[in-house]
Every structure is written in C-alpha cells, then in structure tokens.
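Inspection log for the structure reproduced underneath, given as structure tokens.
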Amino acid sequence: MHIYHNSIINDTGARGILPPDTCGKDYVTGHRVNSNRVISGMSKLENIKGVIFDLDGVICFTDQYHFLAWKEIADKEGIEFNEAINERLRGVSRAESLEIILEKATREYSAEEKTALMEQKNNIYKEHLKDMLPTDLSKEVKDTLDELRARGLKLAIGSSSKNTEFILERIGLDGFFDKISDGKNIINSKPDPEVFLKAADMIELKPEECLVIEDAEAGIHAAVSGGFHNAGIGSASKYAKTENAIASFRDILELV
Ligand code: G6P
Ligand code: MG
C-alpha cells in the first residue's frame, strides 16, 4: 500500500476518485470514503511528459456498436451472446474477441471461417461507426485534450483497434494526436504492453514518463507490465492494478 500526499490509497492499491455509482456516504476530513476508496484531491505524478490514451471507452464509446455487430454474427451462427460476454471483449483484439464468442459454439470453426466471420463483423461494425459524428466527442474530452496539449504534453493513442483512424475521423480528431499506435502495428494485443511500448517509442518517451488512460482490465495490465503509470476510468477504476482511479476524463488534469 502506498500513501500519497493529500491523496488516497485503497486496499487494492489504487488511489483516486470513485465513480459516482460506487461512492460511499461517509466523509472524513474532506475525504469522501467507502469500503475501499477515499476521494480527495490527487497529487501529481512526477515527471510525466506524455499521455497515451486507449480509444474505445476512453476517448469515445463504441461498445454498443461492437455489441450489435457481434450479436448479429452470433445470432446468425446460433451462438449465445450477451452483455456479460461483450464486457470480456473490452480491450482485446478482434481475433481474440471471436475466440471468446466461439467458447459458446457447439462446433469447431476453421481458420477460413473465422476470417470470414471477422470480416463480416467488421463490415457491420463499420456501418454502425458511420453514425458517429464530431458531436459524439464530448466537450469534456476535447477541452481536457486541449489543456493537456497546452501544458506541453505529448499525446498519443494506444488502441487494439484496427479502426482507430476511421473512428478518429468520425469524431473530428483526425490529425489531433502526435502519434497513433493501434491494432495495425502490433503483433500481440493487450494485456501485452506492445501497443503502449510502440506509442512511447513513437513520441520518444520512456514508459515511466507516460501516463496510460484505460477503461479495460487488459489495458491496465498492459500498462503495468510495460512500466507505465496508469489511470483507470469507467470499469477500470475498480481493478486491483489500477494505480489512479478517475471518475471523469477531466481528472487527468489532476495527475499531470
Ligand atoms: C478495442 C475494443 C475491443 C475491440 C478491439 C479491436 O480495444 O475495446 O472491444 O475488440 O478494439 O477492435 P477492431 O476495431 O480492430 O475490431
Ligand atoms: Mg478501451
């Protein structure tokens, strides 16, 4: 367990702010607490020169589109698929997502069939992505990104998605990030740290000089094993290896 100045540490080792739905009601000297977290101002991490953002679930929200596309494939194949299984797909590659879905299949699928299913899924997914607009980028995310840039930090994407550039275009962020490391330039996807190590390399920083922002457990594990600082948002605020639990995107400004 670590103690940070004017900060919190919980029994999982994470420090930070709880998402509203998990906040406790007790207050201790200005710190809001519950069984495993306390909320207060967070102290800055030392020597951070860059921020590496996961895309899906951090910058924008594509979960529903992944779900709809995989559901269509699963229904066509007569394979059970639900929200709980969808949750396991967060942060993992398309090929690994298919393997998770096929755990419920009643027969084996050949490599060719798997390739065809992934292509079909991606075509359906990309049709849904066309519904995304620059208005799907929240003001909070855009303002925070602009402030981080104004502070002189290098900003990169570290995503497992092969649709990263297409999504950034849809939400009006094409050309915004200094570098993009994504599913197209890696062999091993999260929890392997490759995508973040490549991002750090691209922005010419050491892992310990970068803060990774993640919503997926696989992503938090990737950040930790690569030697990066991490902040977990959404579901990732609760994982044991989450170093800084943040309730809102703007809380990144408290850390760097
Ligand atoms: C992100 C999502 C995963 C998805 C992966 C690959 O990490 O969280 O759910 O499987 O990207 O996405 P892609 O766009 O390449 O199919
Ligand atoms: Mg994600």
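The values are calculated or read from the model by the stated rules, or taken from the named source; none is laboratory data. Values in this document were obtained by computation on a predicted structure and should not be read as measured data. Backbone-built Cβ (ideal geometry, glycine too); neighbour counts: all protein chains shown.
Being assigned to a helix (DSSP H, G or I), basic (K, R) and in the same structural domain as A216 (by TED's automatic domain parsing) narrows it down to one residue among K142, K114, K162; which is it? Spell out how you get there, then give the answer.
Working: K114 fails: in the same structural domain as A216 (by TED's automatic domain parsing); K162 fails: assigned to a helix (DSSP H, G or I).
Unique residue meeting the criteria: K142.
Can you tell me how many residues within the stretch 79-102 are away from ligand 2 (no atom under 16 Å from the Cβ), assigned to a loop (DSSP other than H, G, I, E, B) and touching a residue at least 12 places away in the same chain (Cβ under 8 Å)?
Residues in the stretch 79-102 being away from ligand 2 (no atom under 16 Å from the Cβ), assigned to a loop (DSSP other than H, G, I, E, B) and touching a residue at least 12 places away in the same chain (Cβ under 8 Å): 3 in total.
What about V224, is it at pLDDT 95 or above, under 15 Å from the mean Cα position of the chain (by Cα) and farther than 24 Å from S138 by Cβ? Give the steps one after another, and end with the answer.
Numbers: at pLDDT 95 or above: yes; under 15 Å from the mean Cα position of the chain (by Cα): yes; farther than 24 Å from S138 by Cβ: yes.
Against the criterion (at pLDDT 95 or above, under 15 Å from the mean Cα position of the chain (by Cα) and farther than 24 Å from S138 by Cβ), V224 qualifies.
Which condition number in (1) over 30 Å from F81 (Cα atoms); (2) more than 17 Å from the chain's Cα centre (by Cα); (3) part of a helix (DSSP H, G or I) is the one that I124 fails?
Just one mismatch for I124, condition (1).
What is the number of the single condition among (1) in a helix (DSSP H, G or I); (2) over 12 Å from A69 (Cβ atoms) that E108 does not meet?
The one condition E108 does not meet is (1).
What is the number of the single condition among (1) more than 14 Å from ligand 1 (Cβ to nearest atom); (2) surrounded by fewer than 18 Cβ atoms within 10 Å (Cβ to Cβ) that A156 does not meet?
That leaves (2) as the condition not met.
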